[in-house]
Ligand code: GRF
């Protein structure tokens, strides 16, 4: 019997995408680690609930990105991680991890990239008064939301939408799209 591939989720906040991944059925990989850069992020409680080991670190305790990414790399190696899924991880991945996990790091972003990269993509879409925005899953490279696109799904914006309502619509799509892309990319179980 071949063993399942192993993946780590990196997150900094609420962790609703982490939860959606954990709750999705027929995932072709096992989530073996949560990496979190915010010691008080709610996603940590979610990982406890699912019995997923966590590596929580505070970047301000390290001299530079390379120093904490070496620590992360150690944890990933110990857990024999093959894939990294970024789910609201609010940091740029540096060369240490990019080199080691080339082509194996993906991210979910709440816009139709290349539109509205970076922070507050939902606010940016409302500000720009677009009729349609959406969700993108893409490979991670050294830029901010610039890597090759894997899948996109659109969400219509109404004139009544606020950041909260648009975020709700976008997240409902994210929670289905991310597990689906993971299944497509890694192969059915
Ligand atoms: C998601 O909207 C994702 O697209 C973005 O960060 C948000 C994370 O939300 N990268 P959550 O922590 O998964 O609820």
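The values are calculated or read from the model by the stated rules, or taken from the named source; none is laboratory data. Source: prediction; values computed, not measured. Using ideal geometry, Cβ is built from the backbone for each residue, glycine included, and neighbour counts are taken over all protein chains shown.
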Note on region 74-103: residues in a helix (DSSP H, G or I) and more than 17 Å from the chain's Cα centre (by Cα) are 74, 75, 77, 78, 95, 96, 99, 100
Pair list, Cβ under 6 Å, 6 or more apart: region 17-28 residue more than 11 Å from residue 49 (Cβ to Cβ), other residue assigned to a helix (DSSP H, G or I) and within 13 Å of the ligand (Cβ to nearest atom): 17/174; 17/178; 20/175; 21/179; 24/179
Given the conditions (1) on the phi < 0 side of the Ramachandran plot; (2) surrounded by 13 or more Cβ atoms within 10 Å (Cβ to Cβ); (3) within 16 Å of the ligand (Cβ to nearest atom), which single one is not true for residue 65? (3)
I'd like the residue in region 18-40 that is within 13 Å of the ligand (Cβ to nearest atom) and closer than 19 Å to residue 76 by Cβ and, out of all such residues, is surrounded by the most Cβ atoms within 10 Å (Cβ to Cβ). 18
Selection within region 158-172 - under 18 Å from the mean Cα position of the chain (by Cα) and farther than 12 Å from residue 16 by Cβ: 169
Any idea how many residues of region 109-148 are more than 14 Å from the ligand (Cβ to nearest atom) and outside any loop (DSSP other than H, G, I, E, B)? 4
In region 155-189, which residues are surrounded by fewer than 13 Cβ atoms within 10 Å (Cβ to Cβ) and not in a helix (DSSP H, G or I)? 156, 158, 159, 160, 162, 187, 188, 189
Do we find that residue 106 is within 15 Å of the ligand (Cβ to nearest atom), at pLDDT 95 or above and surrounded by 13 or more Cβ atoms within 10 Å (Cβ to Cβ) in this structure? yes
Of the residues in region 147-172, those that are touching a strand residue (DSSP E or B) at 6+ places or on another chain (Cβ under 8 Å) and either within 24 Å of residue 93 (Cβ to Cβ) or in contact (Cβ under 8 Å) with a residue 60 or more places away in the chain (or both) come to 147, 148, 149, 150, 151, 152, 153, 170
